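Each value in this text was obtained by applying a stated rule to the coordinates, not by laboratory testing. Worth saying up front: this structure is predicted, and the values here are computed from it rather than measured. Neighbour counts run over all protein chains shown; Cβ positions are idealised from the backbone, glycine included.
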Amino acid sequence: MKAPDGNKLAILHALSQGGFISGQVIGEQLGISRAAVSKHIITLQEMGLDIYKVNGKGYCLSQPLSLLNQQDIESTYAQLDGSGCTFEVQPIIDSTNTELMRRLQSGNISNNSVLVAEMQKQGKGRRGRTWQSPFAANLYYSYYWRLDDGIHATMGLSIAVGLAVYDALKALYDLDVQLKWPNDVLINGRKLAGVLVELDGTAEGPCHLVIGIGLNVAMPEAAAEHIDQPWCDLNELAQDVNKNQLVAVLTCFLQKRLGQYQQHGLQAVYKQWNAVHAFAGECVELSSGTSKWRGICEGIDEQGAIVLRIDGQSKRYFGGEISLRVKS
């Protein structure tokens, strides 16, 4: 599927101004027929955009549309005194994480590279799941970071990344999100964002990490039908969401948290994470493959392990295929 260009892109920009606009007006502006406008609208709908048609009024987007712009991201990042990162915007890609991993394998990548896209055709979630990625709806973000302390030093990194997402959402929208071990961001039990960290490295040598963050901004109803858990998006929680500002602010907080992690590991932040942990003190179930454990969740320790109190004893579990669910 190609990114919107030509007349499709012009129609999208016309719709992004807000309110209804008739097919006749669009056609006159572009010098095409109403039938051609209708065909372009159908193509945009197939890309996941919620576009409504009302007889006598025309077409309208169901939600405001925020389009990514590299110059706006860079300008906002500079205003925040950010430095060291490079940004790239792609209209459509298979996966931002996959693309950065490809560039890593080919040697065509620089440290602190940020790649964002309007749409992913093969968005990646944890444990091989698909991350719903309709065009211009949400934030699809990946960051490349090199850590020279070996793979062992990456243990618990998703904890630091989750805190960076928390920092950004608190600073921008004053949202009190909660963090679910090891990599989810929740609002009142509904998933708002997820983290996927992929790595390549050796035990003693440099480790290359691609940090993926998917954040729901304006999830269309059609795409939401394929989500198998409670979810929410920023448009229902905040006003005037600007994805370019979000990218810049998130990057600044991510840089800060990664620097902190590199210097001190989780020693300085695991208590902060526990303070916003979604299931603190709850009876939960952990599963890994065919194994399951139930206990009272005590949060994480300084190495990022989840701690459960089972039969009066505190037991630690690390990542992999472990999942966490509240038991009613």
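What the table shows:
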quantity	calculated
Elements of type strands (runs of 3 or more DSSP E) contained in the stretch 175-214, each with 2 or more residues being surrounded by fewer than 16 Cβ atoms within 10 Å (Cβ to Cβ) and on the phi < 0 side of the Ramachandran plot	190-201
Test: residue in the stretch 163-173 that is farther than 24 Å from Asp301 by Cβ and among the acidic types (Asp, Glu)	no
Asp72, sole failed condition from (1) charged (D, E, K, R); (2) part of a strand (DSSP E or B); (3) within 19 Å of Val241 (Cβ to Cβ)	(2)
Residue in the stretch 220-227 that is in a loop (DSSP other than H, G, I, E, B) and either of a type in the set (Lys, Arg) or surrounded by 22 or more Cβ atoms within 10 Å (Cβ to Cβ) (or both) present	yes
Given (1) exposed (fewer than 14 other Cβ atoms within 10 Å of the Cβ); (2) in contact (Cβ under 8 Å) with a residue 40 or more places away in the chain, index of the condition Gly312 fails	(2)
Within the stretch 247-300, considering residues that are touching a Lys or Arg at 6+ places or on another chain (Cβ under 9 Å) and part of a loop (DSSP other than H, G, I, E, B), the one nearest to Leu163 (Cα to Cα)	Val269
